[in-house]
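Trainee: One structure follows; several queries about it will come next.
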Amino acid sequence: MELWVRSPCVAICELNADDICIGCGRNREEITDWARLDADGKRAVNVRAGQRLQALNATAVTRHPDKGKT
């Protein structure tokens, strides 16, 4: 099993009104606890953060249908 788990941080560190980072999808607590989590905890955070990002992106496209079009 992999011991090192990559952080989801993409250096777009901005929390929305729900305290969710719009860059990585982690909540405030997950961001501050990251260094103390074991590998399984980090993997669980990555799953939840990915799900939040998908939801945030779906909401953004619904609110702004032209977002992402070139």
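The values are calculated or read from the model by the stated rules, or taken from the named source; none is laboratory data. All figures in this text were calculated on a predicted structure; none of them were measured in a lab. Note: ideal-geometry Cβ built from the backbone for every residue, glycine included; neighbour counts use all protein chains shown.
Trainee: Applying the selection to segment 1-11, what residues are among the aliphatic types (A, V, I, L, M) and modelled with pLDDT of 95 or more?
Mentor: Selection gives Val5, Val10, Ala11.
Trainee: Considering only residues that are loosely packed, with under 14 Cβ neighbours inside 10 Å and farther than 20 Å from Thr59 by Cβ, which ones fall in segment 25-34?
Mentor: Glu29, Thr32
Trainee: Could you please find all residues in segment 35-55 being over 15 Å from Leu3 (Cβ atoms) and crowded, with 16+ Cβ neighbours inside 10 Å?
Mentor: Val45, Ala49, Arg52, Leu53
Trainee: Further, regarding this structure: Which residues, taken from segment 1-24, are surrounded by 14 or more Cβ atoms within 10 Å (Cβ to Cβ), under 11 Å from Leu56 (Cβ atoms) and not hydrophobic (A, V, I, L, M, F, W, C)?
Mentor: Gly23
Trainee: Ok, one more. Restricting the search to segment 8-32, which residues are over 15 Å from Gln51 (Cβ atoms) and not in a loop (DSSP other than H, G, I, E, B)?
Mentor: Those that are over 15 Å from Gln51 (Cβ atoms) and not in a loop (DSSP other than H, G, I, E, B): Leu15, Arg28, Glu29, Ile31, Thr32.
Trainee: Also, I was wondering about something else. Does any residue in segment 17-37 that is free of Cβ contacts under 8 Å to residues at least 60 places away in the same chain and basic (Lys, Arg) come within less than 7 Å, Cβ to Cβ, of a residue that is surrounded by 17 or more Cβ atoms within 10 Å (Cβ to Cβ) and assigned to a loop (DSSP other than H, G, I, E, B) six or more places away or on a different chain, and which pairs are these?
Mentor: Listed by first residue and then by second, the contacts come to Arg26/Pro8.
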